[in-house]
Amino acid sequence: MSLLVVGLSHRSAPVSVLERASLAAETQAKLLQDSLAAEPAAEAAVLATCNRIELYADVDKFHAGVAELSTLLAQHSGVGLDELTPYLYVHYEDRAVHHLFSVACGLDSMVVGEGQILGQIKDALALGQESHTAGRLLNDLFQQSLRVGKRAHSETGIDRAGQSLVTFGLQQLAGGADTADWAGGKRALVIGAGSMSSLAAATLARTGVAEIVVANRTRARADRLVEILSQAGGTGVTARAVEMAAVADELTRADVVVSCTGATGLVLTGETVAGALGLPFDAAATAVEAPAVPAADLDQHAAWVENGSAATTAQAQAVRQATVPAQSTGPVRLALLDLAMPRDIDGAAARLAGVRLVDIESLAEASADAPMAADVDQVRTIVADEVAAFGAAQRAAHITPTVVALRTMAADVVAGEIARLDGRLPDLDEKQRAEITQTVRRVVDKLLHAPTVRVKQLASEPGGAGYADALRELFDLDPQTVAAVSRADLNDPNRGRS
């Protein structure tokens, strides 16, 4: 196994860089195809969410793989390689497996324990399968990561260590008040009808808002979400769909806005928000200018991400806080929750009187010092055990084609010797021939049983990769036969389908 992951996330890069590097769906597909066209990569999958972009690949050369994947990420994200490189992290082989399993369990999420990442990992696997870029290794890896994530949520209380971004975001909007009390009777506008917006709408309905208005570029999807909300029993929420053109008008009646679209530009400008509240808008006065972050702070932040050192947490927070817009003070007339990447809502809106804005960056700031629940340690133990088991299974699978080829060769030898016996003893009856054949097969099976079982055990241990080569040399196995067995396993249409 030569698994390599190159990526950046909210832990390694400011949100301003993440949103510039975000990948549209069609760009992700092109990135996968270009990754396979690159020399070092045999398989590829991309995990792109609102706060991480990671490219996974099966490579035959580590340094060439890192260079090629980094270059491809820069080319497809539109962020220059020199600018992107300081924020990239690299994991290889078992560390790459450990990273993805940790991500699947929510340990690497902005809000520890959130479960949305499992759906995003499933989508990444589906894209790799549809693009025919996810082969045996990545199919096995992503399928296992989904099982590990589900195990963590079912066997531990990791859900108590954090909530979904939606729930956490609403808590931040509530400003310390009980979320249900804060939301009760409010009118909510949800912009977008994708998975995150749908989750937001469902959460708002359960929280107790009186009305939800859904706006989406594709009206049919907005209508479908409204239908689902209307069917949800017991919430008592009134739901309706509108065109995107009606957003400015609906904004004048809304108390809460949640936006998560795939737009590449702003969906709500500061001027639009100001107009909805009847406030004057001075672009110069409300402009949000990101102060420069010293290179030393970025280096310290990168070291904190790589080494997990608590000593540099303050520097990491400084990086995150550098571009968080200042909030207005006083009573809140309009609460805005921006869960999109790139952001949907102009940061300048936060400076308007009566507006509270929570976005991905401020969520990162708020969750930086969240206490780690005891369940997190239990999940880490699960991840460590699953990484060891996955590595052992991959190493054992590596030797299986060689063992199958050995048994095939032995069966051919038996068949040849029985045919030779038929020529020398043509008077044997069927019963005698069958008994001799069965006896020879039993002898061969008994001779091969202990060595093949033992070699599988040895190959599953760290450093056991050389046993397959030794077996091929000892029995003079045809490499083409071994390769044919591997191809047959790889091309199994039922293997690794989600």
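The values are calculated or read from the model by the stated rules, or taken from the named source; none is laboratory data. Because the structure is a prediction, the values reported are computed rather than measured. A quick note on method: Cβ atoms are made from the backbone with ideal geometry, for glycine too, and the neighbour counts reach across all protein chains shown. Heads up: the accessible areas ignore ligands, DNA and RNA and are worked out on the full protein's heavy atoms, side chains in. Shrake-Rupley method; radii C 1.70, N 1.55, O 1.52, S 1.80 Å.
Below is a table of values for the structure above.
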{"read-out": "Ratio Rg/Rh [Cα only; Rh per Kirkwood] for the range 191-242", "value": "0.92"}
{"read-out": "Table column - 3J(HN,Hα) (Hz), the range 378-386, Karplus curve with 6.51, -1.76, 1.60, x for Gly and Pro", "value": "5, 5, 4, 5, 4, 4, 4, 5, 5"}
{"read-out": "The range 184-278 - convex hull of the alpha-carbon atoms, volume per residue in Å³", "value": "81 Å³"}
{"read-out": "Cross-link reach list, aspartates and glutamates versus K61, counting only Cα pairs under 14 Å and skipping chain neighbours closer than eight places", "value": "E39, E43, E93"}
{"read-out": "Accessible area of the range 1-91 divided out per residue, in Å², using a probe of 1.4 angstrom", "value": "36 Å²"}
{"read-out": "Length added when fully stretched, A263-T381, from 0.36 nm per residue minus Cα-Cα", "value": "38.5 nm"}
{"read-out": "Gap separating the Cα centres of the range 385-451 and the range 101-147, nearest whole Å", "value": "39 Å"}
{"read-out": "For D469, solvent-accessible area (1.4 Å; no DNA, RNA or ligand), Å²", "value": "80 Å²"}
{"read-out": "Most to least packed among 245-256, 142-153 [average Cβ atoms within 10 Å]", "value": "142-153, 245-256"}
{"read-out": "Isotropically averaged projected area of the range 1-54, using the convex hull of Cα atoms (one quarter of hull area), nm²", "value": "4.1 nm²"}
{"read-out": "C-alpha center-to-center spacing [the range 216-263, the range 12-89] in angstrom", "value": "34 Å"}
{"read-out": "Solvent accessible area, Å² - M110, 1.4 Å probe, full protein context", "value": "10 Å²"}
{"read-out": "Carbon + sulfur, % of accessible area of the range 188-233 - ligands and nucleic acids excluded, 1.4 Å", "value": "49 percent"}
{"read-out": "Approximate spin-label separation S195-S230, in nm, with each point projected 7 Å along Cα-to-Cβ", "value": "2.7 nm"}
{"read-out": "Exposure of R442 as accessible area (Å², to 10), given a probe of 1.4 Å and all protein chains", "value": "100 Å²"}
{"read-out": "Pair-distance profile P(r), taking every C-alpha pair of the range 130-227, with 5 angstrom steps and integer %", "value": "2, 11, 16, 15, 13, 14, 14, 8, 4, 2, 0"}
{"read-out": "Quotient of Cα Rg and 2.2 N^0.38 Å for the range 1-147, N being how many residues it contains", "value": "0.93"}
{"read-out": "Full-extension gain in nm, T439 to H63, via 0.36 nm per residue minus C-alpha separation", "value": "130.0 nm"}
{"read-out": "Computed P(r) (all Cα pairs; the range 63-203; 5 Å bins; percent)", "value": "2, 8, 13, 15, 17, 16, 12, 8, 5, 2, 0, 0"}
{"read-out": "L421 paired with T85, simple spin-label distance in nm, labels 7 Å along Cα-to-beta-carbon", "value": "6.8 nm"}
{"read-out": "Gain in span if fully extended, R219 to D181, counting 0.36 nm per residue against the direct Cα distance", "value": "10.5 nm"}
{"read-out": "Carbon and sulfur %, accessible surface of the range 6-96 computed with the full protein complex present, 1.4 Å", "value": "51 percent"}
